[in-house]
Structures are given as structure tokens and as C-alpha cells.
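These notes concern the structure reproduced below.
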């Protein structure tokens, strides 16, 4: 699997989301570093599962398109 990389802007936004969640759910302020560590842990733990599901979803979508290919472009031979 290819490593999941987040742009700096996306990572910063997710860190802020984590910090906001901790504040609203647990009334706890966490540092940028701690929120970044949580994000890295979540990406490492959930990334492969989400990636594999996305691959399966794309495969199923493409298979439907391939199965329909004969109906779309098949020409009767007279």
C-alpha cells in the first residue's frame, strides 16, 4: 500500500478539528503536538482499512461498467 500523506494545510485543519473535538467532548485543551500525534495514530490505524475499502468500491464500480460494456458497444454480426 502506498503511504498516506496529508498536505500541510489538510493536516493543520485536521489537527484543529481534533483540538475542537477534545474541547467540546472532554472539555480538555490539547496542544498542536498532541493533536498531531493523535492524527498520526488514527491515519496509521484506520488508513489501510479505509484504503482497502476504497479499492474494493472502485473495483466493484469498474466491474459493473465492464459487465455493461457488451450492451453498450456490441454490434450484431449479420
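The values are calculated or read from the model by the stated rules, or taken from the named source; none is laboratory data. Just so it is clear, the structure is predicted and the values come from calculations on it, not from any experiment. Ideal geometry is used to build each Cβ from the backbone, glycine not excepted, and the neighbour counts take in all protein chains shown.
Which of the residues that make up the range 29-47 are surrounded by 11 or more Cβ atoms within 10 Å (Cβ to Cβ) and in contact with a helix residue (DSSP H, G or I) (Cβ under 7 Å, 6 or more places away or on another chain)?
Those that are surrounded by 11 or more Cβ atoms within 10 Å (Cβ to Cβ) and in contact with a helix residue (DSSP H, G or I) (Cβ under 7 Å, 6 or more places away or on another chain): 30, 32, 35, 36, 38, 39.
A quick yes/no check of all residues on (1) assigned to a helix (DSSP H, G or I); (2) more than 19 Å from the chain's Cα centre (by Cα); (3) modelled with pLDDT of 90 or more:
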{"site": "9", "(1), (2), (3)": "yes, no, yes"}
{"site": "13", "(1), (2), (3)": "yes, no, yes"}
{"site": "16", "(1), (2), (3)": "yes, no, yes"}
{"site": "22", "(1), (2), (3)": "yes, yes, yes"}
{"site": "29", "(1), (2), (3)": "no, yes, yes"}
{"site": "48", "(1), (2), (3)": "yes, no, yes"}
{"site": "54", "(1), (2), (3)": "yes, no, yes"}
{"site": "70", "(1), (2), (3)": "yes, yes, no"}
